[in-house]
Structure formats: structure tokens, C-alpha cells
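No value in this document is a laboratory result; all are computed from the given coordinates. All values reported here derive from a predicted model rather than from experimental measurement. Quick reminder, even Gly has a Cβ in these numbers, built from the backbone with ideal geometry, and neighbours come from all protein chains shown.
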Amino acid sequence: MKRNAGFTLIELVIVIVILGILAVTAAPKFLNLQGDARESTLKGMKAAMESGASMVYSKAVIAGKETTASSTVSNGSSTIAIVYGYPAATSAGIGAVLDFSPTDWTAAVSGSSYTLQPVNAPSGCVVTYTLSATSGSRPTVTAVTASSCS
């Protein structure tokens, strides 16, 4: 008598269904793609703010305006407000340096800080540009950690 060795179709279907249920319930715990994407976006915007501020400061030094409390420098087709050579913490300052879409980012000005937040992101998920009030002090750019953006 010949004996068949193998799995029946029902056994295979049951195993596939169980694996599917495990994948659906376990995958979101291991994959936090949205939070990782927000964190990467914030790091990119932080780098853009830092390099933009450095480039504007270089233009201000060349123009001899790095010791002036309030002035402007030209950036091709636009004029950028500066404070001691660095872009001011306003939309006419660092906001004019950055190339971002208002439909993707929300900007806010508070005192000497300029804050950008991705649209539809949690409230703590921001990049902040803080301008020092003294001559020659670099602005501080901070981005939040991944826990605030999840």
C-alpha cells in the first residue's frame, strides 16, 4: 500500500490564516514608519536652518553687517532681515531663508524663537530656531526626539 506524506489543503490554509493574524497584530509594534519619517523630516529641517543661518552670516560678514543689531542682506531675489549677522527669528528672517511649503509646515514666532511644525503632527513635534541677542552668538536650533513625534 502506497502512503502519501504531506499536508492537506485545510492544514495549509489554517497555517496561513494564523500567520496572517500574527502579522497584522505584531507588525505595527515593530514598524513605526510614521514616527521615523517625522523625526527624519525634523532633522532635515534642523540642518536646513543651521546651514541657512551660516550662509546668511557669511553674507553679512562680507557686507560688514555682523555687528549691526538690525539690518538686511540680499539673497538673490529676496531680502533677509538679520540680527547681528544671523537671520532674525521671523518670517522675514529665517523664514525667508528656508524653502518650505506652508501647506506642509506651520510656522510660529514667539519672542526670539521661530518654530516650525509639520502639519498633522503631534503638538510636541517641532523644530525651533532661537536667536541670541548678543553679537557673534550663533542661533540655537533644536529638534524634538522621536517620542514626541510618534
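Comparing SER137, SER77, SER112 in a Gaussian network model of the chain (Cα springs below 10 Å), the most mobile by mean-square fluctuation is SER77. Where does helix 33-63 land angle-wise versus the long Cα axis of the chain, in degrees 0 to 90, nearest 10? Compared with the principal axis, the helix lies near 20 degrees. Within the listed set GLY124, GLY52, GLY111, the residue fluctuating most in the Gaussian network model of the chain (springs between alpha-carbon atoms under 10 angstrom) is GLY111. When GLU66, GLU11 are sorted by how many other C-beta atoms sit within 10 angstrom of their C-beta, beginning with the fewest, the order is GLU11, GLU66. Computed over segment 1-127, relative contact order equals 16 percent, with contacts defined as Cα pairs under 8 Å that lie 6+ residues apart. Taking other Cβ atoms within 10 Å as a rough exposure proxy, SER91, SER74 sort from fewest to most as SER74, SER91.
Give the shape of the chain as rounded, prolate or oblate, defined through the alpha-carbon gyration tensor: a ≥ b ≥ c are the square roots of its eigenvalues, a/c under 1.5 means rounded, and otherwise the shape is prolate if a/b is larger than b/c and oblate if not. Prolate, because a/c is 1.5 or more and a/b exceeds b/c. Taking Cα atoms only, the orientation of helix 9-30 departs from the longest principal axis of the chain by about 20 degrees. Between rounded, prolate and oblate, where does segment 55-96 land on the alpha carbon gyration tensor, with a ≥ b ≥ c its root eigenvalues, rounded for a/c under 1.5, else prolate if a/b exceeds b/c? Oblate is the answer for segment 55-96, as a/c is 1.5 or above yet b/c matches or exceeds a/b.
Pairs of lysine residues in segment 1-111 that meet both criteria, 8 or more places apart or on different chains and Cα atoms under 27 Å apart, total 4. Note on the chain: GNM, Cα springs under 10 Å; of ALA48, ALA23, ALA107, the largest mean-square fluctuation is that of ALA23.
With neighbour counts taken as other beta-carbon atoms within 10 Å, the residues PHE30, PHE100, PHE7 rank, fewest first, as PHE30, PHE7, PHE100.
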